[in-house]
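Remarks on the structure that follows.
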Amino acid sequence: MTRGHGTAARNDRASATYRRLRELIVRGRLAPGARLIETELAALLGVSRTPVRAALLRLEQEGYILSPGAGRRARPAVAALTREDADELFNIIAEVEGLAGRRAAALAPPARRRLVRELRALNGALLKAATARRPDPNRIFQLDEEFHAHYVHVAAGPRLLALHQGIKPQTERYVRVYVNALVGEIGTSVVEHNAIIRAVESGSPDAAQRAVQTNWRNAAGRLGRVIVTMGEHGTWQDESV
């Protein structure tokens, strides 16, 4: 194997390890506040410590992992779920997806009409799922994610998509944990989604951007109230106690 091929293979392993660890964090398999030990993670994923170390560094840079302190006993841990962090993340994604909404409203009329039809279908399915006799929180989560992902992927350029892919999974951590308590708020989300759809349909970039921002900012408020009621997850305790 040439030197170039060896470097590429190492980079591929590190990227794959990063994606697997991020998925475990987003889905709650690695719980908020859980300490992360390289040897244990390497055994879990069936890789050496080198790609794990690289993946942990990248995850720390992106905010999925935090270091609680210094010293030999200190280890990186999965970032806690807190009201303050949720508010920051949801307001960031409001700006990122707001730009995507703006671009969606500026699409050529045929593409815009097709997007509007698809968004209406997704939002209708979301309303049906939310008003079912026995609402399925996982189905509701999936449909809400698909609604937002659809206009982003249709309209965003590569730079905006890269920003979105770096931030959005962090918001998913919160929704997955608190989704049961948010089910009763979905009707309000559906109304806000309709405002996004109308703005895109009318070809108004300013209105579409504002509608997306409003939806996410209001979602931040709804989630914040739930976190206050149910409590934060994974806040660190002093190891010396």
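Put a dot 7 Å past each Cα toward the Cβ at residue 35 and residue 188; how far apart are the dots in nm? Output for this residue pair reads 4.0 nm. In terms of overall dimensions, the range 144-212 has a Cα radius of gyration and Dmax of 13.3, 36 angstrom. Placing pseudo-labels 7 Å out from each Cα toward the beta carbon at residue 62 and residue 114 gives an inter-label distance of 3.0 nm.
All distinct Cα pairs of the chain go into the 1/r average, and the inverse of that average, the Kirkwood radius, is 19.5 Å. When the residues 144, 136 are ordered by accessible surface, computed with a 1.4 Å probe over the protein chains alone, the sequence from largest down reads 136, 144. Element breakdown for the chain at a 1.4 angstrom probe: carbon and sulfur atoms account for 51% of the accessible area. Rolling a 1.4 angstrom probe over the protein heavy atoms with all chains in place gives the chain an accessible area of 54 Å² per residue.
Could you work out the relative contact order of the chain, using alpha carbon pairs under 8 angstrom and six or more residues apart, expressed as a whole percent?
Over the chain, the number comes to 29 percent.
The values are calculated or read from the model by the stated rules, or taken from the named source; none is laboratory data. These numbers were taken from a predicted model, which means no experiment stands behind them. A quick note on method: Cβ atoms are made from the backbone with ideal geometry, for glycine too, and the neighbour counts reach across all protein chains shown. Note: accessible area is taken over every heavy atom of the protein model, side chains too, but ligands, DNA and RNA are not part of it. Shrake-Rupley method; radii C 1.70, N 1.55, O 1.52, S 1.80 Å.
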